[in-house]
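Chemist: Let me begin by handing over the structure; questions about it come next.
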Amino acid sequence: MFGVILGTGVGGGLVLGGRLVEGANAIAGEWGHIPLPWPGDGEHPGPACWCGQRNCLETWISGPAFRRNHREATGRDLAPDRIAEAARAGDRDAAAALDRYVDRLARGLAVICNVVDPEVFVLGGGVSNIPDLYDRLPAAVAARVFSDRWQARFVPAQWGDSSGVRGAAWLWDGPSPP
Ligand SMILES: [Zn+2]
């Protein structure tokens, strides 16, 4: 399983066979600081990231990035869950911002599928409270994965939006799995 945090920052953690993979340099799963894959018009060179690189996923799919992207397009400042609410209520600009967000998140996750092909993605962080993500990610990720037959589950972190990736990983392999 791959756990992702979509909060103020963006991170990830990989669990294979019930064990957290830390990697040779303890950076396995540092998914937030790889570049946005398949950049389109207006997505290159991309925003500067605090880490010193440009176009990191974190600069597109963190909670503040989602908020900024909607604000730059509409002039309205809404938190991510309110953007999704507005989209569901028929606000076309909010729906477009949510579409962009889902597409970018899906691109980032598709890269993980092509490398380690997880069965399950556990989403944590404040943006993981948006229910639309769970409905839409399967098709959005499938469109980018290099396989005709692909499926994975997307589930919210059961410790809530403040769960850490280690917590999500532990829960998934814990004594009382869901
Ligand atoms: Zn970065």
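The values are calculated or read from the model by the stated rules, or taken from the named source; none is laboratory data. Every value quoted in this text rests on a predicted model; they were computed, and no experiment measured them. Here the Cβ is made from the backbone with ideal geometry for all residues, glycine too, and neighbour counts use every protein chain on show. Only protein heavy atoms, including side chains, enter the accessible area calculation; ligands, DNA and RNA are left aside. Shrake-Rupley method; radii C 1.70, N 1.55, O 1.52, S 1.80 Å.
Chemist: Answer yes if at least one residue in region 64-73 is over 23 Å from Gly11 (Cα atoms) and surrounded by fewer than 14 Cβ atoms within 10 Å (Cβ to Cβ), and no otherwise.
Modeler: Quick first cut of region 64-73, residues over 23 Å from Gly11 (Cα atoms) only: 71-73.
Still in the running and surrounded by fewer than 14 Cβ atoms within 10 Å (Cβ to Cβ): 72-73.
Yes: one or more hits.
Chemist: Scan (1) open to solvent by less than 20 Å² (accessible area, probe 1.4 Å); (2) closer than 17 Å to Gly29 by Cβ for the single condition Ile83 breaks and write down its number.
Modeler: Of (1) open to solvent by less than 20 Å² (accessible area, probe 1.4 Å); (2) closer than 17 Å to Gly29 by Cβ, only one is false for Ile83: (2).
Chemist: Could you please tell me which pairs satisfy a Cβ distance under 7 Å, a separation of 6+ or placement on different chains, a first residue in region 51-64 that is modelled with pLDDT of 95 or more, and a second residue that is within 8 Å of the ligand (Cβ to nearest atom) and assigned to a loop (DSSP other than H, G, I, E, B)?
Modeler: Short answer, once both residue conditions are applied: Cys56/Cys49; Glu58/Cys49; Thr59/Cys49.
Chemist: Among what's in region 40-59 and is within 13 Å of the ligand (Cβ to nearest atom) and open to solvent by less than 20 Å² (accessible area, probe 1.4 Å), pick the residue that is farthest from Gly124 (Cα to Cα).
Modeler: Gly46
Chemist: Would you mind stating whether Leu98 is free of Cβ contacts under 8 Å to residues at least 40 places away in the same chain and open to solvent by less than 20 Å² (accessible area, probe 1.4 Å)?
Modeler: Details: free of Cβ contacts under 8 Å to residues at least 40 places away in the same chain: yes; open to solvent by less than 20 Å² (accessible area, probe 1.4 Å): yes.
Criteria met by Leu98.
Chemist: Which residue, of Ala73, Ala84, Ala95, is more than 16 Å from the ligand (Cβ to nearest atom), under 16 Å from Asn129 (Cβ atoms) and at pLDDT 95 or above?
Modeler: So the residue among Ala73, Ala84, Ala95 that is more than 16 Å from the ligand (Cβ to nearest atom), under 16 Å from Asn129 (Cβ atoms) and at pLDDT 95 or above is Ala84.
Chemist: Could you say whether any residue in region 83-102 is among the hydroxyl-bearing types (Ser, Thr, Tyr) and under 20 Å from Leu36 (Cα atoms)? Walk me through it before giving the result.
Modeler: We begin by selecting, within region 83-102, every residue among the hydroxyl-bearing types (Ser, Thr, Tyr); these are 101.
From what is left, the residues that are under 20 Å from Leu36 (Cα atoms) are 101.
Yes - at least one qualifying residue is present in region 83-102.
Chemist: Which members of region 17-39 meet the condition of being open to solvent by 30 Å² or more (accessible area, probe 1.4 Å) and closer than 14 Å to Arg107 by Cβ?
Modeler: Ile34, Pro35, Trp38, Pro39
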